[in-house]
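Working notes, beginning with the structure itself.
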């Protein structure tokens, strides 16, 4: 019904021209790598090294703890100097492994067998993806192998690849598609094989014509893969919005995409899977957009996971005198950082530096019930009323108003003329509800 | 390692960027769009109009400043209330009454509810309803349009709590003429605005232009004025066809306070529904009530009470018109 789009949504300034034409470059290894054991949704990895151990690049430092979990690998050769609490991008102090990088190491992977994908069973492909530590690279960091093995009571008919990249500033997926279309398509081939899916659609927002052209050019003749240009609108890359744009179907409230027969994977994750079966490289580095008007030299970089923000920003020429806010992720859903010792994680799509005047540090006015948030919300909630309830802790009423369907995209807070931090209120309400539930159980 | 990094970092919750429009920007744009209406009023009624509007605005600002939360003057909403109240009053109203109306409107129409965003009723109309109840004669004394600019109309400087001296030349409003004497008014006069009436309600075209500007900037929702005017037009056409003695649609649209009410009063975001469906319901309700009061009610004009009545229903309209949540209902049966 809404071909290539969805209803509502917002149009923040894209700011992608800062980096959209910059080729991906490789950042040199920093002097130190810090690897939190919790970098993905699900159980954190189980520590498997001790202080003083020497690790080669690609060796595991933590092992998967259960099905919804993945291992963490050393992103550089060096020596484990400390295992303890370290600033995490989510604002907490989290168990992490500090590695002093060996300056004279060749930083090559240990020689390993890379099995040919066609000879592997579905289980073996899933296992290989888990062992490589691959997670969703779009930000949520959900273990990719879990999505490769959907529950058997649902048939998956379409694999959707998310190349929307609707967050302002971010261009890492854009550059991946434009520069490595073959790798993306090879990853798709492996996934279609593993999931026994006959059809694949790659959704790309229309503001990346070079990426669309590169993918179309590289399309293999033997697979049913189509490239779908999408309306440029936030949050086009949200899973449910993307599914509606591609299939015209709304995923039922509270249900997983697999109930409508689709699985969505991020472009970066697909490229990571391709690398697993091309070279055996586990997920130890990723493409990060480092951008913002508060940064001197914006760039698209291949960054070793565990690189501290301080080192990353320094490599990009440092920040301007007016720089005020450092965000991991995009400015709509990303997390502002209080400590630049926090490291780049597997799920870090970008690092954005805003100048003082670009931040939201302004007065908050009362809600004037203008209704703009209702016209922005992509899942048709009433953020105005939800916000009123959140402030007086009427969480049960919020449940009735479908708080659970809120995906914290921030569209409501973006348009709010009164600058009310609606997304923050909703996140806090979700946490309060979860605590209450845990307390009752 | 000493990198050239900011010493102090701002940490706020996402989203970290926002659109340009802010509540004060919206409010001050509404104020700005009222300027032509005030100029037109001064053209028709002379300096008296400016004095009454100023008195009402000062009353509103006085109360907001005295009991409002710190800094709430700057958001511009009290100015709007004062100006709209002033524009809805007769040009010869004693100034102390206008001041009192503004003060009452802000105090009891807004601040006792908890300030900006919390009130159920339009504060300007609360002020006007108060004046209507307290000074029924003064608020229905309509000085004639025209005359020298500096000529004072009515008894503007009547001392508070004395009876104003109604020695000025007065004339009935078009709606009053129709209701009480059964005579019509030339449509051209109605459209141009040189008829008797409240200060700001006669210049229909200027009000429409202001509304169009605000709708284009998305500072008011076009559904409400369009819905009201359409309802009034359709309903009065039907009634006119049934009984030709009843006024036709054009007379209904361009007489009295309908334009000012539909464009500026009913569209107050705080006291109108948040859903688009609700806005249509709200607008249709006002339109019906305006026609009913004008045709069958005891008063010649009904815009004020129509809007206040529908204001009271807004919470219920909002509840009844909640949007369908994504993935529920129509397609969410799975």
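The values are calculated or read from the model by the stated rules, or taken from the named source; none is laboratory data. What you see is a predicted model; the values in this text were computed from it and never measured. Cβ coordinates were reconstructed from backbone atoms using ideal geometry, including for glycine residues, and neighbour counts include every protein chain displayed.
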Check: Which one of the conditions (1) within 14 Å of another protein chain (Cβ to nearest Cβ); (2) under 26 Å from residue B:196 (Cβ atoms) does residue B:268 fail to meet, given that it meets all the rest?
Finding: (2)
Item checked: Selection from region A:293-310 of residues that are touching a residue at least 40 places away in the same chain (Cβ under 8 Å) and part of a loop (DSSP other than H, G, I, E, B) -> A:293, A:294, A:298, A:305, A:306, A:307
Checklist line | Any pair with Cβ under 8 angstrom, 6 or more apart, that starts in region A:330-353 at a residue that is within 13 Å of chain B (Cβ to nearest Cβ) and without any contact (Cβ under 8 Å) to a residue 60 or more places away in the chain and ends at one that is in a loop (DSSP other than H, G, I, E, B) and surrounded by 24 or more Cβ atoms within 10 Å (Cβ to Cβ) | finding: A:336/B:14; A:336/B:16
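State whether the residues of region A:106-122 include one that is more than 14 Å from chain B (Cβ to nearest Cβ), surrounded by 19 or more Cβ atoms within 10 Å (Cβ to Cβ) and in a helix (DSSP H, G or I). Let's see the steps before the verdict.
First, pick out the residues of region A:106-122 that are more than 14 Å from chain B (Cβ to nearest Cβ): A:106-122.
Okay, now just the ones that are also surrounded by 19 or more Cβ atoms within 10 Å (Cβ to Cβ), so A:117.
When the remaining residues are screened for being in a helix (DSSP H, G or I), the result is A:117.
The answer is yes, given that some residue of region A:106-122 is more than 14 Å from chain B (Cβ to nearest Cβ), surrounded by 19 or more Cβ atoms within 10 Å (Cβ to Cβ) and in a helix (DSSP H, G or I).
If you check residue A:290 against the conditions, is it within 14 Å of another protein chain (Cβ to nearest Cβ), modelled with pLDDT of 95 or more and assigned to a strand (DSSP E or B)?
Against the criterion (within 14 Å of another protein chain (Cβ to nearest Cβ), modelled with pLDDT of 95 or more and assigned to a strand (DSSP E or B)), residue A:290 qualifies.
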Next item on the list: Would you check if residue B:104 is modelled with pLDDT of 95 or more and closer than 30 Å to residue B:146 by Cα?
Entry: no
Notebook entry, point to check: Can we say residue A:313 is assigned to a helix (DSSP H, G or I), buried (at least 24 other Cβ atoms within 10 Å of the Cβ), touching a strand residue (DSSP E or B) at 6+ places or on another chain (Cβ under 8 Å) and not assigned by TED's automatic domain parsing to the domain that holds residue A:169?
Noted result: yes
Checklist line | Scan of region A:84-105 for residues that are over 20 Å from residue A:139 (Cα atoms) and either more than 23 Å from the chain's Cα centre (by Cα) or surrounded by fewer than 14 Cβ atoms within 10 Å (Cβ to Cβ) (or both), ordered by number | finding: A:84, A:85, A:98, A:99, A:100, A:101, A:102, A:103, A:104, A:105
Margin query: I'd like the full set of residues that are in contact (Cβ under 8 Å) with a residue 60 or more places away in the chain, assigned to a loop (DSSP other than H, G, I, E, B) and crowded, with 22+ Cβ neighbours inside 10 Å, limited to region A:235-264.
Written below: A:235, A:236, A:237, A:238
Check: Hey, residue A:178 hits all of (1) buried (at least 19 other Cβ atoms within 10 Å of the Cβ); (2) touching a residue at least 60 places away in the same chain (Cβ under 8 Å) but one; which does it fall short on?
Finding: (2)
Note to self: So, in region A:9-38, how many residues would count as being surrounded by 20 or more Cβ atoms within 10 Å (Cβ to Cβ) and closer than 30 Å to residue B:326 by Cα?
What the structure shows: 5
Check: Taking region B:215-238 as the search range and keeping residues that are buried (at least 20 other Cβ atoms within 10 Å of the Cβ) and under 13 Å from residue B:294 (Cα atoms), which one is farthest from the chain's Cα centre (by Cα)?
Finding: B:236
Next item on the list: Please note which helices (runs of 4 or more DSSP H) are completely contained in region A:357-410 and include at least 3 residues that are more than 10 Å from chain B (Cβ to nearest Cβ) and surrounded by fewer than 20 Cβ atoms within 10 Å (Cβ to Cβ).
Entry: A:395-400
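Going through B:231, B:267, B:185 one at a time, which residue ends up being under 29 Å from residue B:109 (Cβ atoms) and in a loop (DSSP other than H, G, I, E, B)? Can you show your working first?
Details: B:231 fails: in a loop (DSSP other than H, G, I, E, B); B:185 fails: under 29 Å from residue B:109 (Cβ atoms).
Just one listed residue meets the conditions, B:267.
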Next item on the list: Name the one entry in B:86, B:92, B:82 that is closer than 20 Å to residue B:304 by Cα, crowded, with 24+ Cβ neighbours inside 10 Å and without any contact (Cβ under 8 Å) to a residue 60 or more places away in the chain.
Entry: B:82
Checklist line | Sole exception among (1) in contact with a strand residue (DSSP E or B) (Cβ under 8 Å, 6 or more places away or on another chain); (2) modelled with pLDDT under 95; (3) under 16 Å from residue A:341 (Cβ atoms) for residue A:105, by number | finding: (3)
Notebook entry, point to check: Within region B:66-76, is even one residue within 27 Å of residue B:156 (Cα to Cα) and either modelled with pLDDT of 95 or more or away from chain A (no Cβ under 14 Å) (or both)?
Noted result: yes
Checklist line | Checking residue B:244 against (1) assigned to a loop (DSSP other than H, G, I, E, B); (2) closer than 22 Å to residue B:316 by Cβ, the condition it does not meet | finding: (2)
Note to self: Please go through region B:112-134 and give me each residue that is crowded, with 22+ Cβ neighbours inside 10 Å and not in a loop (DSSP other than H, G, I, E, B), ordered by number.
What the structure shows: B:123, B:124, B:125, B:126, B:127, B:128, B:131
